[in-house]
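In what follows, a single structure is set out as structure tokens and then discussed.
The values are calculated or read from the model by the stated rules, or taken from the named source; none is laboratory data. As the structure is a prediction and not an experimental result, all values here were calculated from the model. Positions of Cβ are backbone-derived with ideal geometry, glycine not excepted, and every protein chain shown enters the neighbour counts.
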Amino acid sequence: MAGLTFTNPQALWFLLFIPLTVITHFLGLNYSRSRAMKFSNFEALNKAAGEQPVSNHYVTLALRVIAISCIVLAVAGATFQYDAYSNDSDYVIAVDVTSSMQSNDIAPTRLGAAQKAVGEFLSALPPTSNVGLVAFAGAPLIKIRPTTDLARVKKEVDALSISQVGGTAIGGTVIASVSLLQNSKNSKTIVVVTDGENSVGASPDDAVSYASGADVTIDTIGVGTFAGGDIGGVRALSAYDEDELTRIAVRTGGKFYPARNQTFLVQTLRGIAKSGFRQVSFGLSSALLLIALLLVIIEWALGSVKSALARL
């Protein structure tokens, strides 16, 4: 997002001088013409009044208005701001594909909502980002290693399906994801999307220690509502361990996000994608003052030429 801001916005009140300048210009022009009408020698009249085509008067007025505008904007501290990606980042998205992700408490299902949100995440990233994908249930499965081919990653995300393997290996998934990022020289982030708690494999604490040693940040997203949803007519409650997911995130410098609906899930992943952006500011005051100075010089030059022609 880009826009214009001001460090001293009160100075913008001086823009009121612009209509005053316009009024003064035309009053002066009318006065000069009425005074010139007293001359009977119209050739002398034209020289004395400095008569010129109406278009020239408008040029002079335009130069003055633009110059005043530039000066006021400069005094107001006009600053152009825009978002720029501050550094290249590499990501691994780890998506839970256990049977509970079929629950429909988040439409269309928890897995379907996660797939849509990850797709939005990929769309929000700059094209230079490397992204890998891991699906996990009782064990992690590397679907795609980090790549800048985000369209290929999106295709793999859309193809995710429920695993028949029991258990939820969050610890093992973190370790597998870290291994995909070890050779990266960029900032490294793992995003874990799950509705469960670690039940098999490596402990989350050991996985977090491994991630911290590799300078990897982990953001965790818990998917599901308190009421739960149906899976084939059977009620399924959300079973993710908020304390566990919070601990995993905080210990690596990340954040935990509870996603109770698809909208928040999408917003969360978009926010993570945009976290590498920073606002860049570019002061315009010097350039505006230079423009104003050039316009004053141009008006002075035009006035000098007009005076010289009037003396001929």
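Observations, loosely collected:
- Residue 178 fulfils the conditions (1) at pLDDT 95 or above; (2) surrounded by fewer than 16 Cβ atoms within 10 Å (Cβ to Cβ) except for a single criterion, (2).
- Considering (1) surrounded by fewer than 13 Cβ atoms within 10 Å (Cβ to Cβ); (2) at pLDDT below 90; (3) not in a helix (DSSP H, G or I); (4) not acidic (Asp, Glu), the lone condition that residue 26 does not fulfil carries the number (3).
- Among the residues examined, residue 100 qualifies as over 21 Å from residue 182 (Cβ atoms) and modelled with pLDDT under 95.
Per-residue answers, yes or no, for (1) assigned to a helix (DSSP H, G or I); (2) under 32 Å from the mean Cα position of the chain (by Cα); (3) at pLDDT 90 or above; (4) among the acidic types (Asp, Glu):
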residue: 220; (1), (2), (3), (4): no, yes, yes, no
residue: 240; (1), (2), (3), (4): no, yes, no, no
residue: 248; (1), (2), (3), (4): yes, yes, yes, no
residue: 266; (1), (2), (3), (4): yes, yes, yes, no
residue: 272; (1), (2), (3), (4): yes, yes, no, no
residue: 278; (1), (2), (3), (4): no, yes, no, no
residue: 290; (1), (2), (3), (4): yes, yes, yes, no
residue: 297; (1), (2), (3), (4): yes, no, yes, no
residue: 301; (1), (2), (3), (4): yes, no, no, no
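- When we screen 188, 155 for residues that are of a type in the set (Lys, Arg), assigned to a helix (DSSP H, G or I) and either more than 22 Å from residue 122 (Cα to Cα) or out of contact with any Cys (no Cβ under 6 Å at 6 or more places or on another chain) (or both), the only hit is 155.
- Neighbours by Cβ (under 8 Å, 6+ apart or cross-chain): first from the stretch 119-130, under 17 Å from residue 187 (Cβ atoms); second of a type in the set (D, E, K, R) and part of a helix (DSSP H, G or I): 121/270; 124/270; 124/274
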